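The values are calculated or read from the model by the stated rules, or taken from the named source; none is laboratory data. Predicted, not measured: the structure shown is a model, and the values here were computed from it. Backbone-built Cβ (ideal geometry, glycine too); neighbour counts: all protein chains shown.
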Amino acid sequence: MLPAMVLCAGFGTRLRPLTDLIPKPMLTVGDRPAVLHTLAHISDAGLTPVVLNTHHRADVFEGTLPQWVRVVHEPSILGTAGGVANASGLLGSGDILVWNGDILAEPDLRALIDFHHGNSKDCVATLLAAPRAAGQGTLGLDASSRVVRMRGHRSGVEQIGADFMGIQLISARLRARLPAQGCLVGDAYLPALQAGDQIAVCMHRGDWDDIGTPRALLDANLRWLRRHGRANFCELHVPAPIELHETVVCNGAMLRGAGSIRQCLALAGSTLTAPAHRAIALPDGRVIQEE
């Protein structure tokens, strides 16, 4: 089975102030940090070894990751392409799965790998994407599910649009050309397309979340509750004057006040005061209000 890498070194700028304290992949979704959902899914598919890179707030990962995850710390951030290149000593030189640490999804990884192998003679990478109408989304595809639109690149006739999900299989021959520092899209995929290489796209038709903003993080928690048939997820006693509705409360959080707490997330070490609606409570005492 293929090796896998989960990219966790980013700064999470759009998620500030949450990511001032907690790196994006370590933010809670449902019953655990987001990255632990991803690692469990990768493990269930039998991929090994599994490598994870860190940079921003690397200390928060300590003591949380499974022992079978091999961690590569980047003293200076290398970007998505540079991060993969830097981990080649642990990943080997063959094809690999790469998963952005801020993406939550449950794709059929075996089907994705089979799709990739079926296209590997002609394509240097396979991207997982969600379908959109032609001209919409971050990608445009031709009738053979090959990329003909990506950022400023255009080639061929677009038949359908798609949103790239940040999950991909990268071939050995493209990995050999990855820069020591740079971005997978801008410094690997675009140059490959401009050189005439082909990139395949496998469609994902299930739910997925990009937890890149506070609103997206909160909505991902609400979807987790609904998907698991839970009214709430709470790891502590709720005082009688407080009623929870579609709310996730982490162990180590504190609830105060009286009334309804609805569609909120209370992170470990935070304090959330009722009444509250669509709020995220941070460990440093701040509360982010989302509408």
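Mind telling me which of the residues G212, G196 ends up being among the small types (G, A, S), surrounded by 15 or more Cβ atoms within 10 Å (Cβ to Cβ) and within 30 Å of V124 (Cβ to Cβ)?
Working: G196 fails: surrounded by 15 or more Cβ atoms within 10 Å (Cβ to Cβ).
Of the residues listed, the single one that is among the small types (G, A, S), surrounded by 15 or more Cβ atoms within 10 Å (Cβ to Cβ) and within 30 Å of V124 (Cβ to Cβ) is G212.
Looking at segment 1-31 only, could you name the residues that are outside any loop (DSSP other than H, G, I, E, B) and either more than 29 Å from S93 (Cα to Cα) or polar (S, T, N, Q) (or both)? Outline the logic, then answer.
Here is the first cut: in segment 1-31, the ones outside any loop (DSSP other than H, G, I, E, B) are 4-7, 13-15, 18-21, 24-26, 28-29.
Selection gives T13, R14, L15, L18, T19, D20, L21, T28, V29.
Can you name every residue in segment 124-143 that is out of contact with any Cys (no Cβ under 9 Å at 6 or more places or on another chain) and in contact (Cβ under 8 Å) with a residue 40 or more places away in the chain?
Going through segment 124-143, the residues out of contact with any Cys (no Cβ under 9 Å at 6 or more places or on another chain) turn out to be 124-125, 130-143.
Listed by number, the residues that qualify are V124, A125, A130, P131, L139, L141.
If we scan segment 239-256, do we find a residue that is touching a residue at least 24 places away in the same chain (Cβ under 8 Å), loosely packed, with under 15 Cβ neighbours inside 10 Å and not assigned by TED's automatic domain parsing to the domain that holds P25?
Among the residues of segment 239-256, at least one is touching a residue at least 24 places away in the same chain (Cβ under 8 Å), loosely packed, with under 15 Cβ neighbours inside 10 Å and not assigned by TED's automatic domain parsing to the domain that holds P25, which makes the answer yes.
Can G186 be described as in the same structural domain as P131 (by TED's automatic domain parsing), part of a helix (DSSP H, G or I), closer than 30 Å to R16 by Cβ and not aliphatic (A, V, I, L, M)?
Criteria met by G186.
Yes or no, residue by residue, for (1) in contact with a helix residue (DSSP H, G or I) (Cβ under 6 Å, 6 or more places away or on another chain); (2) among the charged types (D, E, K, R):
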{"residue": "P17", "(1), (2)": "no, no"}
{"residue": "P25", "(1), (2)": "yes, no"}
{"residue": "T28", "(1), (2)": "no, no"}
{"residue": "R32", "(1), (2)": "no, yes"}
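Determine whether G212 is in a loop (DSSP other than H, G, I, E, B) and within 21 Å of the chain's Cα centre (by Cα).
On the way: in a loop (DSSP other than H, G, I, E, B): yes; within 21 Å of the chain's Cα centre (by Cα): yes.
When the stated conditions are applied, G212 passes them.
For a quick check of your reading of the model, give me the residue pairs whose first member lies in segment 16-45 and is β-branched (V, I, T), whose second is in a helix (DSSP H, G or I), with beta-carbon atoms closer than 7 Å and at least 6 apart or on different chains.
Taking only residues 6 or more apart or on different chains, the pairs are I22/V60; V29/H37; V29/A220; V29/N221; V29/W224; V35/P25; V35/M26.
Please state which one of V148, V185 is touching a strand residue (DSSP E or B) at 6+ places or on another chain (Cβ under 9 Å), touching a residue at least 12 places away in the same chain (Cβ under 8 Å) and at negative phi. Let's see the steps before the verdict.
Details: V148 fails: touching a residue at least 12 places away in the same chain (Cβ under 8 Å).
The unique qualifying residue is V185.
Out of (1) of a type outside the set (S, T, Y); (2) touching a residue at least 12 places away in the same chain (Cβ under 8 Å); (3) surrounded by 15 or more Cβ atoms within 10 Å (Cβ to Cβ); (4) within 24 Å of P25 (Cα to Cα), the odd one out for D219 is which?
D219 satisfies every listed condition except (2).
Any chance segment 158-168 includes a residue that's under 14 Å from L127 (Cα atoms), assigned by TED's automatic domain parsing to the domain that holds I77, touching a helix residue (DSSP H, G or I) at 6+ places or on another chain (Cβ under 6 Å) and of a type outside the set (K, R)?
no
Identify the residue in segment 142-193 that is among the charged types (D, E, K, R) and surrounded by fewer than 15 Cβ atoms within 10 Å (Cβ to Cβ) and, among all such residues, is modelled with the lowest pLDDT. Before the answer, list the steps.
From segment 142-193, those among the charged types (D, E, K, R) are 142, 146, 149, 151, 154, 158, 163, 173, 175, 177, 187; that's our starting set.
Retained after the next criterion (residues that are surrounded by fewer than 15 Cβ atoms within 10 Å (Cβ to Cβ)): 151, 154, 173.
On the way: R151: 93, R154: 90, R173: 95.
Per the criteria, the residue is R154.
If you scan segment 120-141, which residues turn out to be surrounded by 20 or more Cβ atoms within 10 Å (Cβ to Cβ) and either outside the structural domain of G101 (by TED's automatic domain parsing) or of a type outside the set (S, T, N, Q) (or both)? Walk me through how you get there before you give the answer.
From segment 120-141, those surrounded by 20 or more Cβ atoms within 10 Å (Cβ to Cβ) are 123-129, 139-141; that's our starting set.
Across segment 120-141, the qualifying residues are C123, V124, A125, L127, L128, A129, L139, G140, L141.
Across segment 266-281, what is the number of residues that are touching a Ser or Thr at 6+ places or on another chain (Cβ under 7 Å), closer than 14 Å to R215 by Cα and in contact (Cβ under 8 Å) with a residue 60 or more places away in the chain?
Final tally of qualifying residues: 0.
If you scan segment 247-281, which residues turn out to be in contact with a helix residue (DSSP H, G or I) (Cβ under 7 Å, 6 or more places away or on another chain) and over 16 Å from R32 (Cα atoms)? Break it down into steps so the answer makes sense when it comes.
Residues of segment 247-281 in contact with a helix residue (DSSP H, G or I) (Cβ under 7 Å, 6 or more places away or on another chain): 248, 263, 265, 278, 280.
Once the filter is applied, which keeps residues that are in contact with a helix residue (DSSP H, G or I) (Cβ under 7 Å, 6 or more places away or on another chain) and over 16 Å from R32 (Cα atoms), segment 247-281 yields Q263, R278.
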